[in-house]
Every structure is written in structure tokens, then in C-alpha cells.
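Rule-based calculations on the coordinates, nothing more; no lab input. As the structure is a computational prediction, the values presented were derived from the model and not from experiment. Please note: Cβ atoms are built from the backbone with ideal geometry, for glycine as well, and neighbour counts cover all protein chains shown.
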Amino acid sequence: MAGWGMLRSNPDFRRYFTADIVSTLGSQLSVIAFPLLVLSLGSSVAQAGLVGTCSLLTRLVFRLPGGHLADRCDRRMLMVATDLIRLVAVGSIPLAAGLGRLGFGQLLVVAIIEGTATAAFSPAAGVAVRDVVSRDEMADALGKIQATSATALLVGPALGGWLFSVDRILPFTVDALSYALSAVLLLRLRVRPERAPVAERDDRLTAGLRWLRGQPALLWVLLFVGTLNFTGAALEVGVVLVLRQHGTSSSSIGIVMACLGVGSIAGALVASRIIKVLAAGRLLLVIGLIWTAGFVVLASQPPLPVTGLVLVLLLLVTPAAGIQLGEAIMVNTPRDLLGRVNTAIGTVTAGLASLGPLLVGLTVAGFGGRVTWLVLAGVDAGVTLIAGLPLLRMSSFVRAEPASEPTAEQLSEPAIERAEPAIERAEPAVELAEVIAHVADPKAAQPDRVDTGPVKP
């Protein structure tokens, strides 16, 4: 890709990009190591699921405040501070283990602290992309970040499982060090984000949700994606718990989980072709059908190679939808709202996902893996049927509501002043619809320009 030249010509993006790589990879080590460590301490599978749910739930609860901080504070220092908090939290695990004081309660507290800090870090990191790259480089930058995240998803679980087999504390030591390195790199960023004039800023905590409320088509998408995120979060923990119940080694579990990364990377490579073939609504409908079928196959308790193949197929199509939605919102959302819009979308799509690990832990413990996978297949089938017709009618993710023009009688100075804020709020939605239509079908929409204006399982 020609766009990789940004890593040489833009030192701020290079530092940001490297920090993202090491931090994401370190976190992926802990994804598989956390439930394995809980089980190794003699805790139940339900307790292992509880740790995952607490981490996701705190990220959900503090997501909107985190977005508000990202819009109001120095994003560079916010990212550095939250990296240091996560360093101390995760670093307490090897420290307590060395003192012989490690227990389930501490792991639960660490999950809550790390989840809270991540809720503040993630929106700041998302907005910072616009601070370190130009408008013309935005698409390339987002593509590189997605590619490295997919690579971390591929390498992280396998490496985490192997490190856990060497020493159960080793994955957390490496994860803590990754936060330290990320903080150092981010501290060296020279960019200073632009600030919106005080008179033009909407300082309400719910400004992002209010913006989303004006996008009715997008709300259907968020309902659909939120449900699939729930089953996706359940899948990650469920595979670990079910395979562990059948006596599968931690290194083998890591290799199987790494298939999620294989699917993500392959999906990123074919995303542009998928977008050309499938309109926005049909793409999401296909994803729902694939996930339903995948859980049905898992319910048959297939051998490990087949389980890995299913995980690859589940992640093969989803990057295309993420690129369509994420790039359009990142480019067109007003800069002073981007953090809150980003977190508002994350709140909607991750709401159910926070319950996934706990519910799958309870279901696996009470009914076994077969019933768990069939229940998740039923959930995906249900939301696909419910949202099917609205999704099929969509040619884009967002429908813009045109601003009404003032009448001749309203063209007085006070009336013009009242109309201008409404027109300014409508412009990002119009531009957003144009960009998404262009991504879904380049021949159907050719916008003359795009003004600078964000979106698991």
C-alpha cells in the first residue's frame, strides 16, 4: 500500500500507530489469560465470566463520560494518564502473585479499573487520529489501524495462550509493559488538537446521543450490531470455557482463538470487493445469517480445526461493514462532537455485549456448550428476522433529514439567527449520507468534496 509512507513522513502518526500496536497486542494477551487465570485459582466458570462482564460493563458505564473528556481535555495527556493507570492495575497482578496474595477479588478489581481507564482512553485515541493525519490521509490511516488490530487479534490469543503455558503470570507482565511503552510514545506526540470556538460548542454530555437520534436508519443498524456484539462477546469467552471443559490445553485454545484474527485480516483484504457487491443493508443481513449458521455448527461440537474455520468465517465479512460505518462517521461528525458521537455509538452497540461473558459463563456451567451455542444462534436469527426488512430497504446507513428553508416572512435578523444553528446541525448528516453512499456504491454517489467532520465484538 502506497499510504504506508505516512509512517516515514509523519512522526506523530508513527508514534501514535506504534503505541496502538503495542497496547492492542498487550490487551489481546490478557483476553485469553484472564479467564484461564481465574480458573487456575480454583474459581468457577461463572466467576471467569463475571470478570469479563465487569470489564465490559465498566467500559459501557463510563463510555459517555469518557467521550466528553475526549472532547474537552488534552487528548494526548488523557491517553498517557489512562495508560499509566492501566499499567499500575495490570502490574499489580504479577506483584501480588510474587507475594503469594493473588486472589479472585483482586482480579475483579483489576478488571473494573482497567475497564474504566479504557473507557476514557478509547474515545481519546479515536479522535486523535484526526489530530495526527490530514483529511486526505484519513482513509489510509484507518485502514492501517484496522489491519494492525486484526493482526493483534491473530497473534495475541495464540501468544497469550503460549505465555500462559510457560508461566500463568507472564501474559500480564507483558501487558503491563505494553501500557508503559504506549505511554512513553504518546507523551512524545507533538500535535495539539484544534479547539472549537466556545460559542459553537455543545457541552452537553448527551450531545452524541442527540446527534444519533436524528439518524433513524442508523438506529436500526445499531440495534442489529449491538445484538451481534453481544453474541460476539459471548463467543470469545464461550470458546475458551467450552474447550477448557473438554480438556483442551491453553496453547491449543490460543491457536483456535487466533482464528478470529485470521478472519479479521482476510476480511480487511476483501472488504472493498464486498462493499462493491453488497449494499449496506444486505451486507448486514448476510452477516446475521453467517453468524446464525456458525453457532449452529459450533453446537455440533466439531473438532478443533472445524471450530477454527468457523471462527474465521464469522469474522470474514464484518470488517467491510465496520469500514463503511466507521470511516463515514469519523470524517463527517463535527470535531467538537466526535468523542461523544463515537462513544454514543459504542454505548449503543456494546450495551448488550457487556452481559455476554457472564451469561455465557452461567449457561456453559448450567447447560453445557451445545445448548449455549444454540441459544446464541437463536438470538442472532431473531434479530436478523426482526431487522431484516428495514435493513433490506437501506442503500446507506444514515438518512439525512434536509433542513427546511425559512419563508420570506421569516427572513428577519432574529429569524436568521434562529435558523443558522439548525442548518449547521443538518450539514454533517447530509455529508455523512453522501460519503456512506459513495463507499457502498461508488457509481451511485460522487460527492465533490468531503469536509472534515467514529465506530466488538
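Tabulated values for the structure
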quantity	calculated
Full-stretch length increase - Asp74, Ala147 - with 0.36 nm per residue and alpha-carbon distance subtracted	23.6 nm
Formal net charge of residues neighbouring Ile253 (Cβ-Cβ distance under 13 Å; K, R +1; D, E -1)	0
Global form of region 22-130, assessed from the alpha-carbon gyration tensor, a/c cut-off 1.5	prolate
Furthest towards positive pole of dipole, Thr53, Val22, Cys73, structure part region 1-121, Cβ charges	Cys73
Spin-label zone in region 225-265 - amide nitrogen under 17 Å from a point set 7 Å from the Cα of Trp162 along the C-beta vector	249-262
Dipole magnitude of region 26-158 about its Cα centre (Cβ charges: Lys, Arg +1; Asp, Glu -1), debye to nearest 20	220 debye
Pair Ser134, Val277: separation of 7 Å Cα→Cβ label points (nm)	3.6 nm
In sequence order, calculated HN-Hα J values of region 372-381 (Karplus, 6.51, -1.76, 1.60; Hz; x Gly/Pro)	4, 5, 5, 5, 5, 4, x, 4, 5, 5
Paramagnetic reach from Ser40 (point 7 Å along Cα→Cβ, amide N under 11 Å) across region 147-183	161-173
Net charge of neighbours whose Cβ lies under 9 Å from the Cβ of Ser30, counting Lys and Arg as +1 and Asp and Glu as -1	-2
Highest to lowest packing among 95-103, 376-384, scored as the average C-beta count within 10 Å	376-384, 95-103
